[in-house]
Amino acid sequence: MSQQFAVFGTPISHSLSPQIHSAFGRQAGIDLRYVAIEAGPGDFATKLQAFADAGGVGANVTLPLKTLAAELAASLSERAKRVGAANTLVRGQDNTWHADNTDGVGLVRDLTDRHRLDLRERRTLIVGAGGGARGIAPALLDAGIGELFIVNRTPERADALADMLGQPSRVHARYLGDVAAFGEFDLIINATSATRGGVLAPLPRSLVGRRTAAVDLSYGEAAIPFMAWARATNCRDAIDGLGMLVEQAAESFKVWHGVRPDTNPVFAALSSHSASLVTAD
Ligand code: NDP
């Protein structure tokens, strides 16, 4: 019988994870079934239990459940513990869940391996302080970026993330509305979900320097406004979140199956119709 996997979140119907994991499974010769399950904070625990009772052995978790997933798990990997959020769950022999977070390593792998960016000493700006920002910030610091500024519409969330990272001379939390005051950045990351239900006001051109890479965690239609801003302001690189999506999935696949799939053919297939994709992970 196929091994059972699922992604939980809301909205989830457009998630690409079933497609990505099915492709990885075919590539690795692993018989698996991977479905998308609509779940919000109120019913996630019940639906996860029902999934386990039906034989589910592994799950991905997306917006808005990543913090809750870490709380529900019986044990956490170091990287999930560090960010207080999980995107990957593994069911143990004793029927409890072990939580991991592959978002950060997925982003860094996409930027360094696929896009050949040298992240070292890059003065970095993350716009947003939600689950996505939480997942990527420690991995970026570990990859050797320089100073990190985190700006958010709700400044308290940026403060909380900076406190969690615990490097006050290197990490600075600020209010999004003051962003023009902070000079040029070598790496600017849009980690907001603004295009889901609103708009992110265009960032000032003064943030862009000689070698700025602009990276959106969103992909497909949701990434169009920020990618357009990056091109209009002459950012050297404009990279959307599709590669990160495939890389974080490959890391989850490795956690579950012990093998890391070749991400290039899956990324190429999804990229060919990228603009029509809807962000759901
Ligand atoms: P959260 O809901 O946890 O956080 C959303 C963030 O966006 C908050 O910082 C919020 O600010 C900010 N925001 C929302 N609307 C606006 C607006 N109109 N103007 C300014 N800021 C705004 O979401 P996640 O962090 O989990 O996800 C963020 C994005 O990253 C999503 O689009 C998600 O799909 C994508 N993502 C992609 C991944 C990939 O693999 N490619 C992995 C993880 C995330 P405030 O705190 O003030 O509400």
(message) With the requirement that a residue be surrounded by fewer than 22 Cβ atoms within 10 Å (Cβ to Cβ) and part of a helix (DSSP H, G or I), what does the range 24-50 give you?
(response) Gly25, Arg26, Gln27, Ala28, Phe44, Ala45, Thr46, Lys47, Gln49, Ala50
(request) Test Gly177 against the criterion of being at pLDDT 95 or above, within 11 Å of the ligand (Cβ to nearest atom) and not in a loop (DSSP other than H, G, I, E, B), and give yes or no. (result) yes
(request) Please state which one of Glu147, Glu121, Glu156 is among the acidic types (Asp, Glu), out of contact with any helix residue (DSSP H, G or I) (no Cβ under 8 Å at 6 or more places or on another chain) and at positive phi. (result) Glu121
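Kindly indicate whether Leu161 is crowded, with 17+ Cβ neighbours inside 10 Å, more than 13 Å from the ligand (Cβ to nearest atom) and free of Cβ contacts under 8 Å to residues at least 60 places away in the same chain. Before the answer, list the steps.
Details: crowded, with 17+ Cβ neighbours inside 10 Å: yes; more than 13 Å from the ligand (Cβ to nearest atom): no; free of Cβ contacts under 8 Å to residues at least 60 places away in the same chain: yes.
It is false that Leu161 is crowded, with 17+ Cβ neighbours inside 10 Å, more than 13 Å from the ligand (Cβ to nearest atom) and free of Cβ contacts under 8 Å to residues at least 60 places away in the same chain.
Taking the condition of being open to solvent by 20 Å² or more (accessible area, probe 1.4 Å) and not β-branched (Val, Ile, Thr), how many residues in the range 9-22 meet it?
Here is the first cut: in the range 9-22, the residues open to solvent by 20 Å² or more (accessible area, probe 1.4 Å) are 10-11, 13-14, 18-19, 22.
Pick out the ones that are also not β-branched (Val, Ile, Thr) and you get 11, 13-14, 18-19, 22.
Qualifying residue count, the range 9-22: 6.
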(message) Suppose we filter Ala213, Ala269, Ala191 for residues that are touching a residue at least 60 places away in the same chain (Cβ under 8 Å) and open to solvent by less than 10 Å² (accessible area, probe 1.4 Å); which single one remains?
(response) Ala213
(request) Hey, can you tell me all the residues within the range 138-158 that are within 11 Å of the ligand (Cβ to nearest atom) and either assigned to a helix (DSSP H, G or I) or surrounded by 15 or more Cβ atoms within 10 Å (Cβ to Cβ) (or both)? (result) Ile150, Val151, Asn152, Arg153, Pro155, Glu156, Arg157, Ala158
(request) Mind listing whichever residues of the range 93-114 are part of a loop (DSSP other than H, G, I, E, B) and out of contact with any strand residue (DSSP E or B) (no Cβ under 6 Å at 6 or more places or on another chain)? (result) Gln93, Asp94, Asn95, Thr96, Asn101
(request) Output the residues belonging to the range 226-238 that are open to solvent by 10 Å² or more (accessible area, probe 1.4 Å), under 20 Å from Ala133 (Cβ atoms) and out of contact with any helix residue (DSSP H, G or I) (no Cβ under 6 Å at 6 or more places or on another chain). (result) Phe226, Met227, Trp229, Cys235, Asp237
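Do the conditions hold for Val215, that is, is it away from the ligand (no atom under 11 Å from the Cβ) and within 30 Å of Leu89 (Cβ to Cβ)? I'd like the intermediate steps shown before the answer.
Details: away from the ligand (no atom under 11 Å from the Cβ): no; within 30 Å of Leu89 (Cβ to Cβ): yes.
Criteria not met by Val215.
The values are calculated or read from the model by the stated rules, or taken from the named source; none is laboratory data. Computed from a prediction, not measured in an experiment: that's the story for all the values here. Note: ideal-geometry Cβ built from the backbone for every residue, glycine included; neighbour counts use all protein chains shown. Protein only, heavy atoms only, side chains kept; ligands, DNA and RNA dropped before computing areas. Shrake-Rupley method; radii C 1.70, N 1.55, O 1.52, S 1.80 Å.
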